[in-house]
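Read through the structure below, which is laid out as structure tokens, and then see the notes.
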Amino acid sequence: MSSKTDFIASIADAAKTVSTESGLSYELMLAQAAQETGWGAKVLPGTNNIFNIKADSSWTGEKKTFQVPEYINGKWVTVDAAFRVYSTAEEALRDRVKFYSGPRNPDNSLSYALIQK
Amino acid sequence: MSRIVALIFSIVLVFGFNYTKADGTVRQDFTQQTCLSVATDNLSYREAAEQVTSMPMVKEWSALLDSQSRMALGGRALDKTEFIEGNCYWSISLYESNPIQLRLWKIFRVDIRMKNIFTMNDEGDYVLISPPTQSK
């Protein structure tokens with residue numbers, strides 16, 4: 001199997017479970033996860049955070065801080081950024097669905113993610 | 001004697017084999033182990049990242065985000081070396097950072113020895129972008 005196939009296989013069951021719970025298309029969840037991680041090539045180590053969601057003040061769960069280079073005023077500088085930690089990819093997918101259907105997306109501006117099965 | 005052998009082994013393990021070819025260029029052969037060792041070399045990463053960020057397409061992208069008060073971000077925490085068919089690459093990722101998440105823009109692969117740069121397309125395959133392929 002290729003790494004792309006491996007990545008899809010690793011989260012397919014989780015996507016199907018969350019799809020059954022939410023009514024959202026699991027194919028779309030898989031496509032978005034592939035896009036956000038470069039087909040699984042880039043996942044913050046030890047986080048299962050496949051959508052690179054930051055840990056803002058609303059997040060009460062576990063978080064992990066990473067040093068990241070940020071481009072500010074024409075220069076790359078290193079800053080600290082905290083990200084959510086999930087125990088599984090399924091938890092990450094569930095949190096993503098919660099975001100898309102929650103108050104942070106009131107005008108459905110991210111409605112592409114709400115395509116139904 | 002055994003100390004000398006161990007020292008030579010360590011040097012080879014960390015730096016790989018280097019030798020000068022007839023045309024004067026230095027060739028370095030990597031193994032999975034030496035490629036992994038490169039991953040701990042911040043200077044090597046910085047050089048690869050600079051190669052990527054100095055490309056016109058990346059400069060244009062980061063300047064565009066900057067002009068719109070959006071932020072470009074490098075994926076140091078996610079980047080690592082990759083050993084593929086005898087070659088060692090740095091995998092360099094760039095993101096747009098918004099208050100909620102990092103959104104992946106592109107992943108680049110920099111050949112440590114040849115300095116060629118590839119980028120991942122939508123299908124997850126890598127295509128050579130620098131040096132640009134010569135058109136006839």
Original post:
So how do A:F51, A:F66 line up by other beta-carbon neighbours within 10 Å, fewest first?
Top reply: A:F66, A:F51
Original post:
What pairs from A:K16/A:K98; A:K4/A:K63; A:K64/B:K106; B:K80/B:K115; A:K63/B:K59 go past 21 Å between their alpha carbons?
Top reply: A:K4/A:K63; A:K64/B:K106; A:K63/B:K59
**OP:** Going by C-beta contacts inside 10 Å, put B:M114, A:M29 in order with the fewest on the left.
**Re:** B:M114, A:M29
Original post:
How do B:W90, A:W39 rank when sorted from fewest to most other Cβ atoms within 10 Å of their own Cβ?
Top reply: A:W39, B:W90
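Values quoted throughout were computed directly from the atomic coordinates according to the rules given, and no laboratory measurement underlies them. Quick caveat: nothing in here was measured; it's all calculated off a predicted structure. Please note: Cβ atoms are built from the backbone with ideal geometry, for glycine as well, and neighbour counts cover all protein chains shown.
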